[in-house]
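The values are calculated or read from the model by the stated rules, or taken from the named source; none is laboratory data. The structure displayed is predicted, hence computed values, not measured ones. Here the Cβ positions follow ideal geometry from the backbone for every residue, glycine too, while neighbour counts run over all protein chains shown.
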Amino acid sequence: MSAYAGSFAVSCVAEDRKGVDTLQREARLNRFFAGVEKRALRIAEISIRNRDDALDLVQDAMIKLARNYAGRPDEEWTPLFYRILQNRIRDWHRRQAVRNRVMVFFGRGNEDDDYDPVAAAPDPAGRTPDEELQTAEAMQGLENAISELPGRQREAFMLRTFEGLDVAGTAKAMGCSEGSVKTHYSRAIHSLRDTLGEHWQ
Amino acid sequence: MNERDDIADNDVFATRAKVRFDESVDGLDGDTRSRLNRGRQKALAEVTTGGLRWMQWAPAGGLAAAAVVAVVIFTGNPQFAELAAPEVATDMEILLTEDSLEMIENLEFYSWIDFDAEAIDNDGPVNNVG
């Protein structure tokens, strides 16, 4: 009887431990998402030029990370999350290309022409109207220039510069070698400097 | 320009770009932040309910099991084996049409018509005149 009670107690302790582990992992994941989600949204938005779709992509990436990779070491979450997000962004571009081909076939133009950069500009926070305008214009110029880059250069530049990933982390997120990351990043930054000019700030 | 200057200029440019980017992140409106928060909560729910993911395949599993049972019954029973494939396909087509429910509701009426038609075939034409 006492042996049975003992094994039951051990089983309860194991279940409690598992529950505590799940809660702790959830709390850590919550902190990770809270820290990364806003930057991820802006990166996705700059890539696809559509905030609603960018929100969907970021949510999908968070769900996939939580579902499939929550048990991986915390330090792997950032490159994994961005790898998922970049795959989602590439899929979005593929679907958009097909959609545009179909629209052209049926004689309808690109409905994304109504993208309004002023309306999509972020809300200002405590700046004078002049500063606000200057900031919005500078960011808009940068976004336009980034959107003109080839896909891989765009990914390398945003992951390195905006997210602050190192070369190894960027390589993991992009699924390529570190050498490729360096090449893409270098080409991207030179292209952006050429496009925006030396006085851009 | 030598390589060192070029790298320094790249770093200056990257720093400026990062500042502009961070400002745009800080300027995200309340509605967008709220939607991000909702998306995050939805994702976190996956951590606690991850063990029940197999439940989403339950309907498909049930359907597959029913299909296997149907195949076993059809192939093992000589009565069903006599049914020709096109007839089975026709039956399925009829069953899957939208008005099949209406037919089931009026089953009594259709069986009466069927019975009446058989009676006419057996007894010859009914003389309703006079």
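Among the residues of this structure, A:Arg88 counts as one that is assigned by TED's automatic domain parsing to the domain that holds A:Ala54 and either at pLDDT 90 or above or surrounded by fewer than 17 Cβ atoms within 10 Å (Cβ to Cβ) (or both). Which one of the conditions (1) closer than 23 Å to A:Leu41 by Cβ; (2) at pLDDT below 95 does A:Pro129 fail to meet, given that it meets all the rest? All conditions pass for A:Pro129, except number (1). Residue count for the range B:29-47 under the criterion of being among the hydrophobic types (A, V, I, L, M, F, W, C), under 26 Å from the mean Cα position of the chain (by Cα) and within 7 Å of chain A (Cβ to nearest Cβ): the result is 3.
When A:Arg25, A:Arg51 are screened for being touching a helix residue (DSSP H, G or I) at 6+ places or on another chain (Cβ under 7 Å), within 9 Å of chain B (Cβ to nearest Cβ), touching a residue at least 24 places away in the same chain (Cβ under 8 Å) and within 20 Å of A:Gly151 (Cα to Cα), only A:Arg51 passes. Which one is modelled with the lowest pLDDT, of the residues in the range A:23-59 that are farther than 30 Å from B:Arg20 by Cβ and crowded, with 16+ Cβ neighbours inside 10 Å? Among those that are farther than 30 Å from B:Arg20 by Cβ and crowded, with 16+ Cβ neighbours inside 10 Å, it is A:Arg25.
Out of everything in the range B:39-87 that is polar (S, T, N, Q) and over 30 Å from A:Leu57 (Cα atoms), what residue ends up being modelled with the highest pLDDT?
B:Thr75
Looking only at residues in the range B:1-28 that are of a type outside the set (A, V, I, L, M, F, W, C) and more than 8 Å from chain A (Cβ to nearest Cβ), the one that is farthest from A:Glu198 (Cα to Cα) is B:Asp22.
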